[in-house]
Amino acid sequence: MAEIKHVLVVGASGNVGRAAINALLEHKFHVTALTRELSNATFAASVKHLKSDYSEASLVEAFTGQDAVISTMSSVSPGGALASQRSLIDAAIAARVKVFCPSEFGIDSSDRSASTYIPFLADKIDTVDYLKSQEDKISWTAVITGCMFDWGLNIPGFAGWNIPARTVTIFDGGDIPFEATNIDQVGKALAKCLVHADLTQNQYVYVNSFTTTQNEILQALEQVTGESITTSEGTVDELWNDGAAKVKEGQGLGVLGMIAGAIYGKGNLARFSSKGLWNEKLGLPQEDLTEFLRKYVTAQ
Ligand SMILES: NC(=O)c1ccc[n+]([C@@H]2O[C@H](COP(=O)([O-])OP(=O)(O)OC[C@H]3O[C@@H](n4cnc5c(N)ncnc54)[C@H](OP(=O)(O)O)[C@@H]3O)[C@@H](O)[C@H]2O)c1
């Protein structure tokens, strides 16, 4: 594949979008940020900012001249942003884009059972199915990261952790290993995938910052804060079932319990390092949990 030089990020103002832009700039890509017309987002002067009404014509115009399009579409948007990725792909094909990276960045959605555990993953699975059917026209790379670690820590109560209150609920004893990737590391992984586009084309790419457990996080947090964290106990089944019941009642935020349950092993889709990580192949160093938490807590 010819070298990737021009990269457009869709949903550029979000968590992953901003991290991707930072990493792409570090790698000297020419970066374009695409947002909706109503978005107030601003970007560094070196980033070209385009707005779109997401019509086919507007997308094709925005994508023309781009080698790669990265979608970081939100999964929490009531507008069904994830489902709209098919029109992004069609526009990317029409504009002769070489690579499309769909909005993934979670548990292993290459397993078709994933949407049983987190319902919106059905849209992610459909998107990659569609990309697979278009491989003669465009390549794809789906980046799987497990738990987006600092995103979760930033939501008091998510997955049992409440850092400001110094409390945690430990589920099923706290020794369940899972993959955790910080937001910046997700951005770096995306940039590295495009640097190594020959290696990553038409692949699920598995990366992390570290493999960890709740008990390891607890120990590291107590070490870096010098404070004891108050613990209570719960079960993964209760966590996931409670979230699923809320979703069924129409409480969208219940999905957070389902996500946390999936991270802590429900479905066994957040523990993929045993199958082999791409970090080394991509030149993406893992991170140290304790060092990361030290910086995280200091910045609070
Ligand atoms: N594994 C984990 O723990 C974890 C955690 C968080 C996210 N994720 C995944 O990472 C991906 C990106 O999530 P994120 O947190 O970065 O997203 P986000 O910050 O919630 O949103 C990203 C951007 O999407 C755009 N957007 C929202 N609704 C839209 C719509 N209806 N149409 C078009 N654009 C829309 C917005 O951009 P503008 O308003 O500027 O246009 C927004 O800034 C998702 O696939 C999500 O599932 C995983």
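The values are calculated or read from the model by the stated rules, or taken from the named source; none is laboratory data. Note that the coordinates shown come from a computational prediction; the quantities given were computed from them, not determined experimentally. Backbone-built Cβ (ideal geometry, glycine too); neighbour counts: all protein chains shown. Note: areas computed on protein heavy atoms with side chains; ligands, DNA, RNA excluded. Shrake-Rupley method; radii C 1.70, N 1.55, O 1.52, S 1.80 Å.
For the range 1-73, trypsin sites (Lys or Arg not before Pro) meeting the loop criterion (DSSP other than H, G, I, E, B) and having at most 11 other Cβ atoms within 10 Å: 28. Counting Cα-Cα pairs of the range 231-300 in 10 Å increments starting at 0 gives whole-percent bin shares of 18, 27, 35, 20, 1.
What is the Cα radius of gyration of the chain over 2.2 N^0.38 Å, N being its residue count? Dividing the Cα Rg of the chain by 2.2 N^0.38 Å gives 0.99. D by Stokes-Einstein for the range 150-300, Kirkwood Rh over Cα pairs, 25 °C, 0.890 mPa s: 148 µm²/s. Per residue, the convex hull around the alpha carbon atoms of the range 97-147 comes to 65 Å³.
Taking GluC sites (Glu not before Pro) in DSSP loop conformation with at most 11 other Cβ atoms inside 10 Å as exposed sites, the chain has its longest uninterrupted site-free stretch at 38-134.
When +1 charges are put on Lys and Arg Cβ atoms and -1 charges on Asp and Glu Cβ atoms, the dipole computed for the range 133-186 relative to its Cα centre reaches about 220 debye.
Computed over the chain, relative contact order equals 17 percent, with contacts defined as Cα pairs under 8 Å that lie 6+ residues apart.
DSSP beta bridges fully contained in the chain are about 15 percent antiparallel. One compactness figure for the range 152-240 is 1.34, namely its Cα radius of gyration divided by 2.2 N^0.38 Å. For residue 293, what charge total do you get from the other residues with a beta carbon under 11 Å from its beta carbon, if Lys and Arg give +1 and Asp and Glu give -1? Charge balance in the 11 Å sphere: -4.
In this structure residue 16 has an accessible area near 10 Å², from a 1.4 Å probe over the protein heavy atoms. For residue 140, the residues whose amide H sits under 5 Å from its own are 100, 202, 203, ignoring neighbours fewer than 5 places away on the same chain, with H placed 1.01 Å from N. Taking the Cα centre of the chain as origin and assigning +1 to Lys and Arg Cβ atoms and -1 to Asp and Glu Cβ atoms, the resulting dipole is close to 720 debye.
Please find, in a Gaussian network model of the chain (springs between Cα atoms separated by less than 10 Å), the residue of 84, 46, 58 whose mean-square fluctuation is greatest. Taking springs between Cα atoms under 10 Å, the residue moving most is 46.
Bridge orientation summary for the range 17-173: considering DSSP beta bridges with both residues in this region, about 15 percent are antiparallel.
Label point of residue 295 set 7 angstrom out along Cα-Cβ; within the range 178-196, amide nitrogens under 15 Å from it belong to 181-189. Along its three principal directions, the equivalent ellipsoid of the range 1-78 from the Cα gyration tensor extends over semi-axes of 19, 15, 12 Å, largest first.
Taken over the range 1-147, the alpha-carbon convex hull comes to 107 cubic angstrom per residue. Full extension of the chain segment joining residue 288 with residue 58 gains 78.5 nm, where the gain is 0.36 nm per residue of separation less the Cα-Cα distance.
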